[in-house]
Amino acid sequence: MKAVVVTGVSSGIGNATARALLDRGYYVFGSVRRQADAAPLVDTYRDKFVPLVFDVTDETAIAAAAEIVSERIGNVCLSGLINNAGIGISGPVLLQPMDEIRKHFDVNVFGPISVVRAFVGMLGGDEHRHPQENDKPDSKQVNGAQKGAHETQLPADDLVGRRHLFF
């Protein structure tokens, strides 16, 4: 079973990414903030999609989701982690309230870091896990907020860069 975690699958790019992976035979663990948001994917891909209910700013919920994934995949590595969840800022940063700017950093910067930290062991950082057959050793992790962000290179990339899906 080639399994991938994708954050922010309730709509947009995350939903399309999850569907593309599912259609290519991947088993997808997809994060949503509300269980109901996962219903269309669960209904369509009943045997290949598992919703993970967490907000990327909630480290306790992320850890619980990582435990669910770990239990499901056993001692094999995930094939990838796609950090897609994110929000955008409308208008010049200088005109935004600081609370909004902090919220955006919490979701778009600190959230993906928290997700990587929670899943790093399943991405090749745990020596007791085994890579999936046909995984490319040079593939990369994908990071980026849903609305107009950039690719974020995290220090953890050095630890987990061998076991990520990139497309």
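The values are calculated or read from the model by the stated rules, or taken from the named source; none is laboratory data. Nothing here was measured: the structure is a model prediction, and the numbers come from that model. Cβ: placed from backbone, ideal geometry, glycine included. Neighbour counts: every protein chain shown. We work out accessible area using only protein heavy atoms, side chains counted, and drop any ligands, DNA or RNA first. Shrake-Rupley method; radii C 1.70, N 1.55, O 1.52, S 1.80 Å.
Put a dot 7 Å past the Cα of Ile101, heading toward its Cβ, do the same for Ala39, and the two dots end up 4.0 nm apart. With equal scatterers on the alpha carbons only and no solvent term, can you work out the Debye log10 of I(q)/I(0) for region 21-127 at 0.10, 0.13 1/Å? For the requested q values the scattering log ratios are -0.34, -0.55.
Note that region 3-84 carries a Kirkwood radius of 12.4 Å, evaluated over its alpha carbons pair by pair. Note on Leu94 and Arg72: the extension gain reaches 3.4 nm, defined as 0.36 nm multiplied by sequence separation minus the Cα-Cα distance. Solvent-accessible area of region 67-106 (1.4 angstrom probe, protein heavy atoms only): carbon and sulfur portion equals 58 percent. Taking amide H atoms as placed 1.01 Å from N in the peptide plane, the amide H of Val76 lies under 5 Å from those of His130, each 5 or more residues away in sequence or on another chain.
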